[in-house]
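Beneath this line is the structure, given in structure tokens, with notes to follow.
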Amino acid sequence: MSQDLFQAPDYYQLDELLTEEHILVRDAAREWVKKEVSPIIEQAAQDAKFPTSIVKGLAEIGAFGPYIPEEYGGAGLDQISYGLIMQEIERGDSGVRSTASVQSSLVMYPIWKYGNEEQRKKYLPKLASGEFLGCFGLTEPDHGSNPGGMVTNIKDMGDYYLLNGAKMWISNAPFADIAVVWAKNEEGRIKGLIVERGMEGFSTPETHNKWSLRASATGELIFDNVKIPKENILPNKDGLGAPLGCLDSARYGIAWGAIGAAMDCYDTALRYAKERIQFGKPIAGFQLQQKKLAEMITEITKAQLLTWRLGTLRNEGRATAAQISMAKRNNVEMALKIAREARQILGAMGITGEYSIMRHMMNLESVVTYEGTHDIHLLITGLDITGIPAFK
């Protein structure tokens, strides 16, 4: 078990843009990752097992609904604090960040924003404490980038709704206590509803044989005539804009999280390059290795500035969905390129579990696709600047 020697790069002294609270929150998350995630994550990835032992710790550092008001069990933090927590967790592993991100932005967020007071008080405190874990059911076997084409549906049976359909590629599904699910009613309108573990006809088979996000549990949601109480419908927003609003929050968290993965790869490569001797000197002294490292820190710094500004706009309620798409797309692509370059600096050692780089690289292959693919986010920017949709 190798010691976690991570040192975060801050080439432009961006810590000066953060408040004392931001730094306290980030540093607490950073130390927790070093102590609780780094020592176990390589084995968890090798075993393809989500480390359930870390759930309590995730709750304690405020990773579950950090921006949810304290009255509902959240930490009441701002959007930059949320981003910094996601950055630090993904520095440990993208799969662990996925669990926290889904819980916060895709489960707690819609209950807080679209639910009623009874639903907020019933579910949010248990989700914030980690007593409950949740998942988010939007993607279907035949509808990924086009969620509006979903076929999962509910029918009004008088005293309850009858839910039928299936969702796929759902993080946290195998162990989730509740699922926030999106389905069409008889008029074709998309509605959000809370499905609870144990409801008859509801099953969550796990997806196996993944080469990516191996320390994260992924599965399906199967609904076979599931009776949904009417009080489980989210009443305050419907239509496709409702789940897309959740995805905005999650994508924002990913934009920060990807920086964490990139930082870890850069820091690992820099340390290795200073220690690895070839031709009588450290490989960090060769021009091509310096080129790689200099480009890495440049791209990380640009991404840090992008997300800090985006966080400021979100705190002010001014960030647009298209701006979030740009940051998600840019930062994940940046992290993938850095992971690949870092692997080359380490040579053959870069493919082993002794270092985190190959695990990050495999994880990022999922992150570049989920919650809006790399190409779709590009077209969202294209639509925003031209006013002409290219994906329909």
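The values are calculated or read from the model by the stated rules, or taken from the named source; none is laboratory data. Please read these numbers as outputs of a predicted model, since none were measured by experiment. No Cβ is skipped: glycine too gets one built from the backbone with ideal geometry, and neighbour counts run over all protein chains shown. Quick note on the areas: whole protein, heavy atoms, side chains included, nothing else; ligands and nucleic acids left out. Shrake-Rupley method; radii C 1.70, N 1.55, O 1.52, S 1.80 Å.
List of remarks:
- Selection status of Asn164, surrounded by fewer than 17 Cβ atoms within 10 Å (Cβ to Cβ), within 15 Å of Val195 (Cα to Cα) and not aliphatic (A, V, I, L, M): yes
- Options Lys121, Lys155; residue that is open to solvent by 50 Å² or more (accessible area, probe 1.4 Å) and either free of Cβ contacts under 8 Å to residues at least 40 places away in the same chain or under 18 Å from Lys237 (Cβ atoms) (or both): Lys155
- Flag: Gly347 does not match the condition of being modelled with pLDDT of 95 or more, at positive phi and open to solvent by 40 Å² or more (accessible area, probe 1.4 Å).
- Test set (1) out of contact with any Gly (no Cβ under 8 Å at 6 or more places or on another chain); (2) farther than 22 Å from Gly201 by Cβ; (3) in contact (Cβ under 8 Å) with a residue 60 or more places away in the chain; (4) surrounded by fewer than 16 Cβ atoms within 10 Å (Cβ to Cβ) - Ser129 fails condition number: (1)
- Positions within the range 271-328 being open to solvent by 70 Å² or more (accessible area, probe 1.4 Å) and among the aliphatic types (A, V, I, L, M), in sequence order: Ile277, Leu288, Met326
- Residue match in the range 173-196 (condition: within 29 Å of Asp27 (Cβ to Cβ), open to solvent by less than 10 Å² (accessible area, probe 1.4 Å), at pLDDT 95 or above and in contact with a helix residue (DSSP H, G or I) (Cβ under 9 Å, 6 or more places away or on another chain)): no
- Residues that are under 21 Å from Gly115 (Cα atoms) and out of contact with any strand residue (DSSP E or B) (no Cβ under 6 Å at 6 or more places or on another chain) within the range 162-184 comprise just one, Asp177.
- Among the residues of the range 86-118, those identified as free of Cβ contacts under 8 Å to residues at least 60 places away in the same chain and surrounded by fewer than 24 Cβ atoms within 10 Å (Cβ to Cβ) are Trp112, Glu117.
- The set of residues from the range 227-239 being assigned to a loop (DSSP other than H, G, I, E, B) and open to solvent by less than 60 Å² (accessible area, probe 1.4 Å) comprises Leu234, Asp238, Gly239.
- So Tyr252, is it aromatic (Phe, Trp, Tyr), at pLDDT 95 or above and closer than 30 Å to Lys121 by Cβ: yes
- For the range 364-391, the tally of residues that are farther than 26 Å from Ala339 by Cα and either without any contact (Cβ under 8 Å) to a residue 40 or more places away in the chain or of a type in the set (Ser, Thr, Tyr) (or both) stands at 7.
- Contact annotation: residue pairs with Cβ atoms under 6 Å, 6 or more positions apart or on different chains, pairing a residue in the range 289-308 that is closer than 15 Å to Cys265 by Cα with a partner that is in a helix (DSSP H, G or I) and among the acidic types (Asp, Glu), are Lys292/Glu341.
- Matching option when the condition is open to solvent by less than 50 Å² (accessible area, probe 1.4 Å), touching a His at 6+ places or on another chain (Cβ under 6 Å) and not aliphatic (A, V, I, L, M), among Gly144, Gly149: Gly149
- Within the range 187-226, restricting attention to residues that are within 20 Å of the chain's Cα centre (by Cα), outside any loop (DSSP other than H, G, I, E, B) and of a type outside the set (Asp, Glu), the residue that is nearest to Ile41 (Cα to Cα) is Thr218.
- Some residue of the range 78-85 being farther than 23 Å from Arg214 by Cβ and either outside any helix (DSSP H, G or I) or open to solvent by 20 Å² or more (accessible area, probe 1.4 Å) (or both): yes
- The set of residues in the range 141-172 being at positive phi and out of contact with any helix residue (DSSP H, G or I) (no Cβ under 8 Å at 6 or more places or on another chain) consists of Gly158, Gly165, Trp169.
- Residue in the range 47-65 that is modelled with pLDDT of 95 or more, under 19 Å from Ile194 (Cα atoms) and surrounded by 21 or more Cβ atoms within 10 Å (Cβ to Cβ) present: yes
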